């Protein structure tokens with residue numbers, strides 16, 4: 001009996017080993033010269049790294065670049081760019097033009113020296129996303145498209161004082177939180193900067209993080225189109241950082257940027273592209289007046305069809321979607337009780353000395369899904385039970 005038990009334990013141990021891949025440390029050498037991640041020869045172990053492996057990419061020569069293209073399914077436990085300092089080095093560059101990159105643990109952009117990560121397309125997932133580590137290291141990230149999903153925090157910077165940079169020019173960054181220049185966080189560095197243009201940041205932690213984002217905006221650490229929120233670009237347009245919690249994305253904080261003619265109305269509520277705007281009560285839309293309106297008038301355009309609000313000429317009171325003319329001090333309009341699950345398009349024109357046509361904003365009425373709400377009226381009541389009973393037959397009964 002004892003020999004059988006020992007045999008069984010040995011079999012289980014061997015089977016366990018069969019499913020275990022030992023971790024290796026890989027170093028980039030680009031031996032083939034094609035700079036492609038998926039070329040085995042470019043790694044010092046002459047094989048592709050897997051999800052248990054730690055990767056280090058240090059400067060070799062200019063340019064030192066690792067390319068992940070549409071044919072690449074890159075895996076690792078962690079990857080560090082510029083792990084060691086090399087004399088006379090320039091920066092190390094990880095460039096994604098497509099494909100996927102999955103790091104079980106962390107992606108670190110710049111540990112000892114400068115490193116850059118550019119995402120043009122593709123999908124990136126990791127546990128932690130860190131820019132910079134030790135002086136004089138600096139991490140620079142350009143997200144131009146694709147998605148980055150970080151299950152913990154994004155740190156700009158993770159350490160150091162050289163001013164790591166995150167540029168969200170497109171795509172979406174999903175991250176539990178954004179940590180910037182926090183003196184109370186021993187893992188945080190200083191002089192970090194994040195700038196948003198056409199990209200979107202979604203903070204997935206269900207806690208409202210708008211106050212944290214406001215602090216970053218106020219301090220000038222988080223900017224829009226390269227300038228502090230509320231400042232004008234050289235061409236005269238107004239740059240703004242916007243944020244909301246539990247509106248654009250239920251249970252999440254969403255951050256984005258916008259540029260506009262400062263003479264246009266801005267800052268709509270419901271927020272532009274909002275969904276699940278509860279329509280059980282009259283909906284009152286609001287906005288902020290454009291500059292130089294003076295004693296002019298706001299003109300409200302509102303419709304379920306995009307054509308009229310988009311194409312109506314400025315302050316055209318004859319347009320079928322024109323709804324109201326309001327004095328300059330009035331920056332709200334009662335749209336009334338609206339049907340559920342309907343998309344609306346609206347616009348505010350500013351008719352002062354000159355007429356300034358507004359942007360077209362949208363929102364969709366509705367509500368978060370309620371289990372059992374079979375008729376999607378956002379209320380659990382007898383009608384929901386009646387729908388089920390009529391579908392499956394039988395006597396209808398609604399409990400007291």
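The strands (runs of 3 or more DSSP E) found wholly in the range 244-339 include none carrying at least 3 residues that are on the phi > 0 side of the Ramachandran plot and either crowded, with 19+ Cβ neighbours inside 10 Å or modelled with pLDDT under 90 (or both). Could you list, in sequence order, all residues of the range 141-164 that are modelled with pLDDT of 95 or more and within 21 Å of residue 59 (Cα to Cα)? Listed by number, the residues that qualify are 141, 142. In the set 119, 131, only one residue is over 19 Å from residue 67 (Cβ atoms) and touching a strand residue (DSSP E or B) at 6+ places or on another chain (Cβ under 6 Å); that residue is 131.
The condition of being touching a strand residue (DSSP E or B) at 6+ places or on another chain (Cβ under 9 Å), surrounded by fewer than 18 Cβ atoms within 10 Å (Cβ to Cβ) and either modelled with pLDDT of 95 or more or assigned by TED's automatic domain parsing to the domain that holds residue 152 (or both) holds for only one of 62, 71, 53, 58, that being 71. Just one residue in the set 155, 111 is assigned by TED's automatic domain parsing to the domain that holds residue 216, buried (at least 17 other Cβ atoms within 10 Å of the Cβ) and over 17 Å from the mean Cα position of the chain (by Cα); that residue is 111. Suppose the filter is over 11 Å from the mean Cα position of the chain (by Cα) and within 20 Å of residue 118 (Cα to Cα); does residue 150 pass it? Taking the combined requirement at face value, the residue does not satisfy it. Only one entry in 192, 199, 251, 230 is touching a residue at least 24 places away in the same chain (Cβ under 8 Å), more than 19 Å from residue 152 (Cα to Cα) and in the same structural domain as residue 158 (by TED's automatic domain parsing), namely 199. Consider the range 28-50 and keep the residues that are outside any loop (DSSP other than H, G, I, E, B) and loosely packed, with under 15 Cβ neighbours inside 10 Å. The one that is nearest to the chain's Cα centre (by Cα) is 40. Among the residues of the range 180-231, those that are within 14 Å of the chain's Cα centre (by Cα) and assigned to a loop (DSSP other than H, G, I, E, B) comprise 197, 198, 199, 204, 205, 209.
The values are calculated or read from the model by the stated rules, or taken from the named source; none is laboratory data. Predicted, not measured: the structure shown is a model, and the values here were computed from it. Glycine also receives a Cβ, built like all others from the backbone with ideal geometry; neighbour counts cover every protein chain displayed.
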